[in-house]
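Chemist: What follows is a single structure, and I will ask about it in a moment.
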Amino acid sequence: MTVVEHHSVDELQELFRREKDARVSKRIWMVWQARTGLTEPQITASIGMARRTVQDWVQRYNEEGLAGLRDRAGRGRKPILSPEEQQAIAQRLEAGPQEGDVCSLRGLDFQKFVEDQFGKLMSLSAVYDLLHDLGYEWLVPRSKHRKSDPEAIAAFKKSSRRTREDSGRASRRTGRRVLSR
């Protein structure tokens, strides 16, 4: 197997020892062993990889040097929305509820917004993942009705606290005392 001399055998050995990424380290090891004169079958037997895999990594090293042994960008699924579309969603979030919206925005609202604005379908879990990536959480404090009376709520809390303290442990439904065994 022919290996282009981008690095000496000693340099490859040192690069192998210093590399922190295990996959890249294994690839450097393959090239290092090929430079020392081992054959493909000997390398594959000692590393437990297919012969073609060893050939591919040595070829990438020959063409690109050490940079060829690193993982390339572009792996994995591409995002459904572009960065500009994600920015539009973030702006919509900052604007808050619009005329005709409910008092708080839900995942279903943004699912519909993405479909209406960009013509793209996203699952509800993908919408929640996107909102999380944008720095938002899907849990929100319980909303308060605009006609609620804070004084009546405070009075109710005070009276219900006294009832609970007086009766020991009370059942939620009946207010009767519950005995533990």
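Chemist: Can you name the condition, by its number, that Y128 falls short on among (1) surrounded by 12 or more Cβ atoms within 10 Å (Cβ to Cβ); (2) modelled with pLDDT under 85?
Modeler: (2)
Chemist: OK, next. Six or more apart or on different chains, Cβ atoms under 7 Å: show the pairs whose first residue is in segment 32-49 and of a type outside the set (D, E) and whose second is outside any helix (DSSP H, G or I) and surrounded by 13 or more Cβ atoms within 10 Å (Cβ to Cβ).
Modeler: Short answer, once both residue conditions are applied: A34/M1; A34/V3; R35/V3; T39/M1.
Chemist: Could you list all residues from segment 86-137 that are among the aromatic types (F, W, Y) and free of Cβ contacts under 8 Å to residues at least 12 places away in the same chain?
Modeler: First, pick out the residues of segment 86-137 that are among the aromatic types (F, W, Y): 110, 113, 118, 128, 136.
Once the filter is applied, which keeps residues that are among the aromatic types (F, W, Y) and free of Cβ contacts under 8 Å to residues at least 12 places away in the same chain, segment 86-137 yields nothing.
Chemist: Which residue pairs have Cβ atoms closer than 8 Å, lie 6 or more positions apart in sequence or on different chains, and pair a first residue in segment 3-25 that is under 19 Å from I47 (Cβ atoms) with a second residue that is surrounded by 13 or more Cβ atoms within 10 Å (Cβ to Cβ) and among the acidic types (D, E)?
Modeler: Short answer, once both residue conditions are applied: S25/E19.
The values are calculated or read from the model by the stated rules, or taken from the named source; none is laboratory data. These numbers were taken from a predicted model, which means no experiment stands behind them. Counting neighbours? That spans all protein chains shown, and the Cβs are built from the backbone with ideal geometry, glycine included.
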